[in-house]
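Q: Once you've had a glance at the structure underneath, I'll fire off some questions.
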Amino acid sequence: MGKRRVEGVICLGLVAAVLLLYGQTAWHDFLPFDDLGYVVENPNVNRGLTPEAVHWAFTGAEHGGNWHPLTSLSHMLDVELFGLRPGPHHLVNAGLHALNAMLLFLVLNALSGARWCSASVAAIFALHPLHVESVAWISERKDVLSGAMFMVGLLAHTRYARTGDKRSYGMLFAAMALGILAKPMLVTLPCVLLLLDFWPLERGGRVGWWRLVAEKLPLFALSLLSAGMTLRAQTAAATLALLADDITPVWSLVQAPLSYVAYLRDAAWPTGLAVIYPHPAIVTPDRLANLALWAGAAVVLLVGFTAMAFRMRRSHPYVLIGWLWYLGMLVPVIGFVQVGVQASADRYAYLPMIGIYILVVWGTRGLLGGRPQARATATGVALLILLALSVRTMGQVALWRDGVTLFSHTVQVTERNYLAEFLLGRSLEDRGALDGARQHYERSLEIRPEFRTALQNLGGLKLDAGDADGAEQLFRKNVWLSPSDPEAHFHLALALADLGRSEAAAAAFSRALEFDPTHGGAHNNLGLEFMKRDPARAQRHLEQAVRHRPGAETHNNLGLIFWQRNDLYRAESQFEAALRFEPANEIIQRNLKAVREASGSDR
């Protein structure tokens with residue numbers, strides 16, 4: 001079989017393996033963890049590709065403190081092509097991961113000429129369960145999309161290094177720019193390219209290191225620009241300050257080396273993987289001294305291996321390159337600058353772990369030397385390992401089919417995971433299992449009593465169950481914890497209104513509008529509060545409600561106030577608008593019929 005044909009078979013095998021493992025995601029749901037905010041309930045995304053949405057993607061798309069317009073555009077394209085059916089969205093992720101595995105093989109083969117080592121690294125990358133989170137979670141489109149740009153950039157750099165072709169450098173620059181627009185993780189790409197210049201390209205002696213650094217200055221400029229945009233997005237979303245009181249710089253210094261070792265452990269023994277690993281500073285703050293000792297041991301291990309790899313740089317350069325690839329690519333997400341509540345995340349290992357795969361595969365070849373029998377044995381062992389990884393990945397992918405399954409598993413394999421408890425409660429609430437939802441909200445609050453989202457959701461359950469007093473207590477605590485949050489004031493107002501305390505409710509709704517003048521819910525409820533005693537004021541609020549939260553309820557309420565003020569033409573128009581949202585709503589149908597009869601309309 002010819003060389004090209006063998007490489008083609010390897011590429012097809014990688015693609016087929018990925019699609020076999022991840023094909024089951026075609027029947028998976030959207031998750032109530034970012035998928036709703038990123039796609040389903042995001043009005044800028046769930047309408048597909050529109051000029052307004054494209055403008056928003058570049059000027060206002062700051063999801064959870066991230067700026068990734070290319071990722072937002074890809075979600076819009078999915079909606080344009082497939083609507084809001086989750087299966088095709090999942091399969092696009094799987095397809096991108098298959099593409100990344102194939103490109104990784106082509107990159108490593110082009111760099112080194114070691115076909116089977118390259119295929120082995122690509123196969124581990126394709127099949128390892130540590131990467132399931134990046135593929136099976138629609139919200140992690142940014143991982144697989146930026147990964148594709150990363151691979152294209154490596155291919156372009158390989159061609160540029162070999163030929164000096166400026167068009168290849170232009171492709172490299174474009175790939176990095178697009179990758180950064182998908183996820184800022186690619187800020188480390190110039191450093192990875194310098195590592196590859198050392199091995200296997202061996203450009204240092206021929207070109208000179210100062211020149212190699214100089215040729216990458218435009219790429220480093222992209223990294224700085226991306227860092228600035230990310231800082232701006234995180235500041236706007238308040239994610240950097242979110243946990244300042246819990247996660248101190250000391251905690252960050254302790255957790256970082258522990259996370260480095262944790263990723264290595266999970267790569268070697270991928271059991272107990274979870275979507276959320278809560279930061280110990282939040283759930284077990286009394287363990288700082290004990291964890292500091294473990295962190296010290298981790299630092300010794302990391303420094304020791306780095307020193308050993310450096311000494312081996314001439315005889316076994318792939319050890320140093322793979323190790324520094326791993327250490328360096330994790331720097332932006334290892335926790336020195338903490339964003340979010342996680343101690344670590346499987347998705348962060350998507351590209352960094354390639355360095356470890358290179359180290360292991362080339363290191364194994366180096367240990368075996370040219371002994372055919374040893375290589376044959378190693379090949380058999382490698383195939384068994386890949387089979388074991390595939391079986392483990394198949395099971396891990398199945399856990400991502402819906403929120404209840406995923407978060408039930410997460411609660412089981414982690415300790416004191418208040419966020420997973422909350423998300424399990426939310427998933428159960430979406431299913432109508434309200435008793436189970438309440439139990440998990442309460443468990444979340446036992447672990448972290450000041451967790452505001454759990455307070456709000458548990459209060460909502462109590463309010464719906466007729467316990468307005470209990471809801472008021474929870475909502476008041478929420479207001480106390482975050483006095484400038486409009487949602488906290490809004491939900492307190494709902495409880496007060498349910499208790500019949502109209503003036504206090506109106507004051508709380510007004511307070512919500514002080515912090516968010518566009519809060520459609522507050523405008524709607526104030527309109528209802530003033531409907532009887534001040535119709536003109538009620539109309540002003542309901543017009544704002546329709547403007548900021550158009551829907552059957554708001555249009556119907558505005559129609560009622562127009563009807564009350566004998567403006568029958570505009571009342572009819574609002575009832576018609578309400579029916580466009582809920583055509584089968586019998587109450588709105590009766591309102592429309594009655595106002596038409598009153599106005600003598602013959603429609």
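Q: Determine the relative contact order of the chain: mean sequence separation of Cα pairs under 8 Å and six or more apart, normalised by residue count, in whole percent.
A: Rounded, it is 11 percent for the chain.
Q: Quick check for me: using +1 on Lys/Arg Cβ and -1 on Asp/Glu Cβ, what's the dipole size of the chain about its Cα centre, in debye to the nearest 20?
A: 2900 debye
Q: Looking at the chain, how many pairs of lysines come closer than 27 Å at the Cα, when each pair is eight or more places apart or spans two chains?
A: 7
Q: If you line up the Cα atoms of region 492-603 on their principal axes, what length do they span on each, largest first, in Å?
A: For region 492-603, the Cα extents along the three principal axes come out at 44, 26, 23 Å.
Q: Now for a different question. For region 147-202 and region 389-404, what is the centre-to-centre distance using only Cα atoms, to the nearest Å?
A: 32 Å
Q: I would also like to ask the following. Report the percentage of all Cα-Cα pairs in region 359-420 whose separation exceeds 14 Å, rounded to a whole percent.
A: Looking at region 359-420, the distances longer than 14 Å represent 70 percent of pairs.
Q: Charges only on Cβ, +1 for Lys and Arg, -1 for Asp and Glu: so what's the dipole of region 1-118 about the Cα centre, in debye to the nearest 20?
A: Once rounded to the nearest 20, the dipole reads 820 debye.
Q: Between 398, 32, 323, whose Cα lies farthest towards the positive end of the dipole of the chain when Lys and Arg beta carbons carry +1 and Asp and Glu beta carbons carry -1, centred on the Cα centre?
A: 323
Q: For the chain, what does the accessible surface come to per residue with a 1.4 Å probe? Please give it in Å².
A: Heavy-atom accessible area per residue stands at 45 Å².
Q: Here is a further query. Roughly how compact is the chain, stated as its Cα Rg over 2.2 N^0.38 Å to two decimals?
A: Cα Rg divided by the expected 2.2 N^0.38 Å: 1.12.
Q: Cα axis of helix 353-368 to longest principal axis of the chain: angle in degrees, 0 to 90, nearest 10?
A: 20 degrees
Q: Can you tell which of 376, 411, 493 lies farthest toward the positive end of the dipole of the chain, using +1 and -1 charges on the Cβ of basic and acidic side chains (Lys, Arg; Asp, Glu)?
A: Farthest towards the positive end: 376.
Q: Using only Cα atoms, tell me the angle between helix 486-498 and the longest principal axis of the chain; keep it within 0 to 90° and round to the nearest 10.
A: Helix 486-498 and the main axis of the chain meet at about 40 degrees.
Q: Report, in whole Å, the centroid distance computed from the Cα atoms of region 570-590 and region 1-48.
A: Cα centres, region 570-590 to region 1-48: 41 Å.
Q: Where in the chain is the longest stretch that carries no GluC sites (Glu not before Pro) classed as loop by DSSP and with at most 15 other Cβ atoms within 10 Å?
A: That would be 203-414.
Q: Also, I was wondering about something else. Could you please tell me the mean projected area of the C-alpha convex hull for region 491-557, averaged over all directions and given in square nanometres to one decimal?
A: Mean orientational projected area (region 491-557, Cα hull): 4.0 nm².
Q: Which FRET efficiency, nearest 0.05, do residue 387 and residue 408 yield, Cβ-Cβ r, R0 41 Å?
A: The computed FRET efficiency comes out at 0.90.
Q: With all distinct Cα pairs included, what does the Kirkwood hydrodynamic radius of region 266-345 come out to in Å, to one decimal, could you say?
A: After inverting the mean inverse Cα-Cα distance, the result is 14.9 Å.
Q: Just to confirm the filter: which trypsin sites (Lys or Arg not before Pro) across region 469-556 are DSSP coil and have at most 16 other Cβ within 10 angstrom of their Cβ?
A: 501, 532, 533
Q: Can you show me the helix-derived [θ] at 222 nm for the chain, built from DSSP H runs with n ≥ 4 at -39,500 (n - 2.57) apiece and divided by the number of residues, rounded to the nearest 500.
A: When only DSSP H runs of four or more count, the value is -23500 deg cm²/dmol.
Q: Something else about it: Which percent of the accessible heavy-atom area of region 344-488 goes to carbon and sulfur, probe 1.4 angstrom?
A: For region 344-488, the apolar C and S fraction of the accessible surface comes to 56 percent.
Q: State the extension gain, in nm to one decimal, for the chain segment bounded by residue 398 and residue 252, taking 0.36 nm per residue of separation less the distance between their alpha-carbons.
A: So the chain would gain 49.3 nm between residue 398 and residue 252.
Q: Still on this structure, I have one more. To test your reading of the geometry: what angle, between 0 and 90 degrees and rounded to tens, separates the Cα axis of helix 568-581 from the longest principal axis of the chain?
A: Roughly 30 degrees between the two axes.
Q: Grab the eigenvalues of the alpha-carbon gyration tensor for region 149-301, scale each by 5, take roots, and send me the semi-axes largest first in whole angstrom.
A: 36, 20, 15
Q: Continuing with this model, one more query. Take every Cα pair under 8 Å in region 394-510 that's 6+ residues apart, average their separations, divide by the length, and report that relative contact order as a whole percent.
A: Rounded, it is 14 percent for region 394-510.
Q: Shifting gears a bit: Report the Rg/Rh value for region 416-523, based on alpha-carbon coordinates and the Kirkwood definition of Rh.
A: 0.99
The values are calculated or read from the model by the stated rules, or taken from the named source; none is laboratory data. On a predicted model such as this, the values are computed, not experimentally measured, just so you know. Here the Cβ is made from the backbone with ideal geometry for all residues, glycine too, and neighbour counts use every protein chain on show. Only protein heavy atoms, including side chains, enter the accessible area calculation; ligands, DNA and RNA are left aside. Shrake-Rupley method; radii C 1.70, N 1.55, O 1.52, S 1.80 Å.
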